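Shown next, in structure tokens, is the structure this report addresses.
A short reminder: the numbers here are calculations on the coordinates, not readings from a lab. Not measured: the values here are computed from a predicted model.
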């Protein structure tokens, strides 16, 4: 019995002594929510799960970002906050994104990355990201369906001819 209590105390002490070595931010767009962790990596990388992750790598829902958001247009969009702040390849990012479609998820990820960079160094990055509009949450969402319409938000019901 006493052995179990000492083991539990050791586990609690381990949890409290772990240092938070990342910045957490949330990005949103339409129905999509992206939870971003930006790790300030050492030269040898960071252990993430069972994988050894190097600087400059970004993972979205456990996959490399190029695999999750494929295409050149998507790559330009998610790399833009790094290009603006001159931090390309300096950090490790993990993103958990859910809800919405691929485009909404991509824009939520960009919003989350921008917020994380801004939290990292406000004096340097905030003004640059703010000017480009990456820190502003795009509030446009799908219009809800109204009662009395024929299934769509603004569609009117067809009236009978006589």
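Within the range 79-162, the percentage of alpha carbon pairs spaced more than 19 angstrom apart rounds to 54%.
What would the Debye formula give as log10 I(q)/I(0) at q = 0.17, 0.21, 0.22, 0.31 Å⁻¹ for the alpha-carbon point model of the range 113-162, no solvent? Debye curve over Cα of the range 113-162, log10 I(q)/I(0) at q = 0.17, 0.21, 0.22, 0.31 Å⁻¹: -0.62, -0.74, -0.78, -1.08.
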